[in-house]
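This report refers to the structure that appears directly beneath it.
Values in this text are rule-based calculations from the coordinates and carry no lab data. Note that this is a predicted model, so its numbers are computed, not measured. Using ideal geometry, Cβ is built from the backbone for each residue, glycine included, and neighbour counts are taken over all protein chains shown.
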Amino acid sequence: MLALLCGGQGALSGKIFDLVADQPAAESIFAAATAWLGEDPREFVRTRNPEQLSENYASQILTVTSALATHACIADLLTEETAVTGYSVGEMAAWSIAGIWTAEEALRLTNIRARLMENAAGPTGRLGYIRGLDRATIEPLLAKHRCEIAIRNPDLLFVIGGVEREVIALCDEAARKGARTGLLAVKIASHTTRLAQACQPLQQALDVNRDAAVANHRVLLAGGDGERIFSVAGATVKLANQVAHPIDWAATLDALTELGVTEVLDLGPGHALAEMMLASQPDMRCYAADGFRTIEGLRNWVAAV
């Protein structure tokens, strides 16, 4: 079984749409994103610096647009059962790919999600990462610096969130213990309790389409823990709460393996999710869309799968 992985914020550049920029299948996606960015996303990424691309609102819209545009260019080939899940905001794209929302609706809801998160978070949040320390070693540092685990990834890689100065101090202390650390471009403490006020209004927005169903030949897994989503009505609470609760991406990758996934395509942006899956399952065939030089090459690979 093929699994499609929809990436999160953090891997944006002026080249993220190069593979699909001139593809007719993606035009409606770009048009829908233009309504929220106020500018064609292809032009937007070419005329903004990295700091501007990492701003929370634009980053969320661009991230979802990237995954949806790539999917639109291969959707006609996905005739067999296909699993799909998303990392952080990538889950908004995953729900659309699973048939619950149109691409236009996914981007409209991503707009709401981004605005609510900004309003709840305030100006001082930040995400960082720690690689190489186990959770038991990290926990006292989290308590000391009043930070939280935002995402658990494979290979002892934790994303942490909190007030920026405390995230920096925590990373510095973890580095002295032998960890690799750093700040992420995301300047908001996503997936921590700092965003709790965003959950209820986001759920209300998501519940507008609570009667929608997962499409035939699609298997949708929650990005937060890998649980399979059968009922949309029951899953909107989890999707809304995701913005203020930690994501266990390692568990999601394990769930894909247990489901029988044999090939993975990271729809992007970037290729971090393909690398994580390969690190978790070295024998699995894992590719990122941005690793293909042409859309024809990507389509040939998908057709062969």
Relative contact order as a percentage, region 125-183, C-alpha pairs under 8 Å and 6+ apart, gives 48 percent
Between Thr47, Thr192, Thr82, find the one with the highest GNM mean-square fluctuation for the chain; connect C-alpha pairs within less than 10 Å. Thr47
Which number do you get for Rg(Cα) / (2.2 N^0.38 Å) in region 183-268? 1.20
At 37 °C and 0.692 mPa s, grab the translational diffusion coefficient of the chain from Stokes-Einstein with a Kirkwood Rh over Cα pairs, rounded to a whole number in µm² per second. 171 µm²/s
Please report the net charge: other residues with Cβ closer than 11 Å to the Cβ of Ser13, K and R +1, D and E -1. +1
Charge tally for neighbours of Cys73 with beta carbon under 12 Å away, counting Lys, Arg as +1 and Asp, Glu as -1, is -3
Between region 73-104 and region 212-242, what is the C-alpha centre distance in whole Å? 11 Å
The residues Glu51, Glu104, sorted from fewest to most surrounding Cβ atoms within 10 Å, come out as Glu51, Glu104
Ratio for region 125-183, C-alpha Rg to 2.2 N^0.38 Å, reads 0.92
The chain: relative contact order in percent, alpha carbon pairs under 8 Å with at least 6 residues between: 24 percent
What does the charge count near Gln242 come to, summing +1 for each Lys or Arg and -1 for each Asp or Glu among other residues with Cβ under 10 Å from its Cβ? 0
Starting with the fewest neighbours, write out His271, His191, His217 ranked by other beta-carbon atoms found within 10 Å of each beta-carbon. His217, His271, His191
If I stretch the segment between Ile112 and Asp22 completely, what's the gain in nm (0.36 nm per residue apart, minus their alpha carbon distance), one decimal? 29.6 nm
For a Förster distance of 22 Å, can you work out the FRET efficiency between the beta-carbons of Thr102 and Glu51, rounded to the nearest 0.05? 0.10
Listed with the fewest Cβ neighbours within 10 Å leading, Leu220, Leu265, Leu157 appear as Leu157, Leu220, Leu265
Using just the helices of the chain, give the 222 nm mean residue ellipticity in deg cm²/dmol: DSSP H runs with n ≥ 4 each add -39,500 (n - 2.57), and the total is spread over all residues, rounded to 500. -13500 deg cm²/dmol
Using Cα positions and a limit of under 23 Å, work out the lysines in reach of Lys144, with same-chain residues fewer than 8 apart set aside. Lys177, Lys187
Across all Cα atoms of region 61-137, Rg and the largest Cα-Cα distance (Dmax), in Å, are 16.0, 47
